[in-house]
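A.B. asks: Here it is, the structure in full.
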Amino acid sequence: MKHFGRQVLRGMFKLFVLLSFALAGISLYSCQSSPVIAKSGLPAHHNPDGSFKNLYLENSKKSILKFLWAKYTSDWSDWEGHEVTVTPVQLDLRDVQQSYYVKPRISWIGHSTVLIQYKDKTVLTDPIFFDRASPVSFAGPKRAFKPAIDLKELPKVDYVVISHNHYDHLDKPTVEAIGDKTTWLVPLGLKAWFNEQGVTQVLELDWWQAHQFDDLTLRLTPAQHWSKRTPWDTNESLWGSWQIQIDDFNSWFGGDTGYNDIQFKEIGDKLGPFDFAMIPIGAYEPRWFMKNMHVNPEESVEIHKDIRSAYSMGIHWSTFQLTAEQIDAPREDLAKALAEQENLTPFDAVPIGSSFEVNLNTL
């Protein structure tokens with residue numbers, strides 16, 4: 001009887017988690033999108049009601065409940081029961097706490113959180129320093145590995161860029177902890193959310209708009225994704241990727257995106273070539289659900305080529321078990337995808353904690 005009671009409680013807890021994910025709109029749901037239809041006076045990715053849309057998708061609404069049912073009733077990968085082949089390396093704090101960098105330095109903190117440091121500028125991407133990518137602290141995707149550095153060890157950050165509002169990219173506890181110690185650059189529609197958290201140093205941009213300060217340019221560029229944090233705010237804020245240019249160092253941060261053969265080539269044509277790119281390679285299975293909004297490693301390689309990157313690093317993997325592939329599968333699948341290419345510039349899947357210098361003008 002006690003065993004039966006425990007089963008019932010476990011079932012009720014799983015149901016609660018299912019419902020909380022469904023309501024929260026964690027970044028696993030492929031939303032309804034439209035092909036390009038330009039409205040008079042509005043950019044093509046703007047809807048008349050103030051929401052936003054993707055430009056190169058047919059309507060493709062998928063069921064989050066069907067996805068979550070598969071997650072909890074099928075043979076789903078679980079990093080806690082799997083021997084992970086990629087483990088973090090120790091980041092030397094001295095590498096990220098200098099006042100001036102002669103060469104660009106990249107430090108991968110985990111998931112989509114990257115420190116970019118060059119000369120006297122420091123930029124941070126999609127920071128999440130807490131345990132769960134979730135609207136609640138007791139359920140939802142849990143970190144497989146701690147951030148490469150603690151939040152209190154973070155150097156002075158000049159700017160933080162946010163790609164979109166999903167919980168694994170926009171983390172409320174992290175935002176509250178950093179607050180107005182930096183300036184936040186966010187896609188359209190997100191400034192009000194930051195203000196609600198008491199954060200006022202926020203700049204809001206549309207695709208292709210840029211903010212310049214000294215020798216630093218931060219430009220929001222397109223991505224194929226969506227936004228949602230509650231049951232009632234689907235696509236009310238924009239999503240995007242970022243050009244991060246510090247003097248003669250031109251880099252690109254992919255955030256979270258699906259693939260099309262138009263927008264990334266446009267980014268490469270307008271803003272490339274790039275010395276360095278941070279391209280998502282994880283959260284791609286099952287393809288029937290993920291394809292429109294999350295690239296797999298093969299598509300990541302296409303982005304690498306489209307934007308004309310001299311050197312790319314895989315992000316958005318080995319931190320949270322978000323989807324059906326094993327947490328370290330992206331590295332293996334990226335290696336397979338790269339093996340099918342010829343004359344390709346480097347694209348690596350490095351361990352969390354990796355910190356390295358980037359060469360300039362290699363294309």
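A.B. asks: Can you tell me which residue within region 346-361, out of those that are out of contact with any Pro (no Cβ under 9 Å at 6 or more places or on another chain) and surrounded by fewer than 21 Cβ atoms within 10 Å (Cβ to Cβ), is modelled with the lowest pLDDT?
C.D. replies: Checking each candidate, the answer is Asn361.
A.B. asks: Considering every residue within region 205-218, establish whether at least one is out of contact with any Lys or Arg (no Cβ under 6 Å at 6 or more places or on another chain) and of a type in the set (A, V, I, L, M).
C.D. replies: Step one: list which residues in region 205-218 are out of contact with any Lys or Arg (no Cβ under 6 Å at 6 or more places or on another chain), which gives 205-209, 211-215, 217-218.
Then keep just the ones that are of a type in the set (A, V, I, L, M); that gives 205, 218.
There is at least one residue in region 205-218 that is out of contact with any Lys or Arg (no Cβ under 6 Å at 6 or more places or on another chain) and of a type in the set (A, V, I, L, M).
A.B. asks: Residues that are in contact with a helix residue (DSSP H, G or I) (Cβ under 8 Å, 6 or more places away or on another chain) and in contact (Cβ under 8 Å) with a residue 12 or more places away in the chain: does region 356-363 have at least one? It would help to see each step written out before you state the result.
C.D. replies: Taking region 356-363 and keeping what is in contact with a helix residue (DSSP H, G or I) (Cβ under 8 Å, 6 or more places away or on another chain), we get none.
Checked against the condition, which is being in contact with a helix residue (DSSP H, G or I) (Cβ under 8 Å, 6 or more places away or on another chain) and in contact (Cβ under 8 Å) with a residue 12 or more places away in the chain, region 356-363 yields no hits at all.
A.B. asks: Name the residue that is farthest from Pro104 (Cα to Cα), counting only residues in region 315-326 that are crowded, with 24+ Cβ neighbours inside 10 Å and touching a Lys or Arg at 6+ places or on another chain (Cβ under 8 Å).
C.D. replies: Phe320
A.B. asks: Which condition from (1) without any contact (Cβ under 8 Å) to a residue 24 or more places away in the chain; (2) under 13 Å from Ser300 (Cβ atoms) is the one that Tyr259 breaks?
C.D. replies: Result: Tyr259 fails condition (1) only.
A.B. asks: Separate question: Quick one: in region 81-104, which of the residues that are at pLDDT below 95 and among the hydrophobic types (A, V, I, L, M, F, W, C) is surrounded by the most Cβ atoms within 10 Å (Cβ to Cβ)? Spell out the reasoning first.
C.D. replies: Looking only at region 81-104, we keep the residues that are at pLDDT below 95, and these are 81-87.
Adding the requirement that they be among the hydrophobic types (A, V, I, L, M, F, W, C) leaves 84, 86.
On the way: Val84: 13, Val86: 19.
For region 81-104, the residue satisfying everything is Val86.
A.B. asks: When you look at Ala283, is it within 18 Å of the chain's Cα centre (by Cα), more than 22 Å from Thr125 (Cβ to Cβ), part of a loop (DSSP other than H, G, I, E, B) and assigned by TED's automatic domain parsing to the domain that holds Leu124, yes or no?
C.D. replies: Values: within 18 Å of the chain's Cα centre (by Cα): yes; more than 22 Å from Thr125 (Cβ to Cβ): no; part of a loop (DSSP other than H, G, I, E, B): yes; assigned by TED's automatic domain parsing to the domain that holds Leu124: yes.
For Ala283, the condition - within 18 Å of the chain's Cα centre (by Cα), more than 22 Å from Thr125 (Cβ to Cβ), part of a loop (DSSP other than H, G, I, E, B) and assigned by TED's automatic domain parsing to the domain that holds Leu124 - is not met.
A.B. asks: Further question: State whether one or more residues within region 105-114 are in contact (Cβ under 8 Å) with a residue 24 or more places away in the chain, outside any strand (DSSP E or B) and surrounded by fewer than 18 Cβ atoms within 10 Å (Cβ to Cβ).
C.D. replies: Step one: of region 105-114, the residues in contact (Cβ under 8 Å) with a residue 24 or more places away in the chain are 105-114.
Checking which are outside any strand (DSSP E or B) leaves us with 111-112.
Those left that are additionally surrounded by fewer than 18 Cβ atoms within 10 Å (Cβ to Cβ): none.
Looking through region 105-114, none of the residues is in contact (Cβ under 8 Å) with a residue 24 or more places away in the chain, outside any strand (DSSP E or B) and surrounded by fewer than 18 Cβ atoms within 10 Å (Cβ to Cβ).
A.B. asks: Here is a follow-up. Looking at region 58-80, is at least one residue modelled with pLDDT of 95 or more and under 20 Å from His316 (Cα atoms)?
C.D. replies: No, the conditions are met nowhere in region 58-80.
A.B. asks: With Glu332, Glu340, Glu298 as the choices, which residue is surrounded by fewer than 20 Cβ atoms within 10 Å (Cβ to Cβ) and in contact with a helix residue (DSSP H, G or I) (Cβ under 6 Å, 6 or more places away or on another chain)?
C.D. replies: Numbers: Glu332 fails: in contact with a helix residue (DSSP H, G or I) (Cβ under 6 Å, 6 or more places away or on another chain); Glu340 fails: in contact with a helix residue (DSSP H, G or I) (Cβ under 6 Å, 6 or more places away or on another chain).
Exactly one of Glu332, Glu340, Glu298 is surrounded by fewer than 20 Cβ atoms within 10 Å (Cβ to Cβ) and in contact with a helix residue (DSSP H, G or I) (Cβ under 6 Å, 6 or more places away or on another chain), namely Glu298.
A.B. asks: Mind checking whether some residue in region 313-332 is in contact with a His (Cβ under 9 Å, 6 or more places away or on another chain), charged (D, E, K, R), farther than 18 Å from Ile244 by Cα and touching a residue at least 40 places away in the same chain (Cβ under 8 Å)?
C.D. replies: yes
A.B. asks: While we're looking at this one, here's another question. Out of (1) touching a helix residue (DSSP H, G or I) at 6+ places or on another chain (Cβ under 8 Å); (2) not assigned by TED's automatic domain parsing to the domain that holds Gly255, what's the single condition that is false for Pro135?
C.D. replies: Answer for Pro135: the failing condition is (2).
A.B. asks: May I pose another question? Do we find that Asn292 is under 30 Å from Gln326 (Cα atoms) and either out of contact with any Gly (no Cβ under 9 Å at 6 or more places or on another chain) or of a type in the set (Lys, Arg) (or both) in this structure?
C.D. replies: no
Yes/no per residue for (1) outside the structural domain of Gly110 (by TED's automatic domain parsing); (2) more than 16 Å from Thr125 (Cα to Cα); (3) of a type in the set (S, T, N, Q):
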site	(1), (2), (3)
Val160	no, no, no
His166	no, no, no
Leu170	no, no, no
Pro173	no, no, no
Thr182	no, no, yes
Pro187	no, no, no
Gln197	no, yes, yes
Ser237	no, yes, yes
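A.B. asks: To continue, here is another question. Somewhere in region 323-340, is a residue closer than 20 Å to Ile128 by Cα, assigned to a loop (DSSP other than H, G, I, E, B) and not acidic (Asp, Glu)?
C.D. replies: So far as region 323-340 goes, yes, one or more of its residues are closer than 20 Å to Ile128 by Cα, assigned to a loop (DSSP other than H, G, I, E, B) and not acidic (Asp, Glu).
The values are calculated or read from the model by the stated rules, or taken from the named source; none is laboratory data. Note that the coordinates shown come from a computational prediction; the quantities given were computed from them, not determined experimentally. Heads up, the Cβs are rebuilt from the backbone with ideal geometry, glycines too, and the neighbour counts pull from every protein chain shown.
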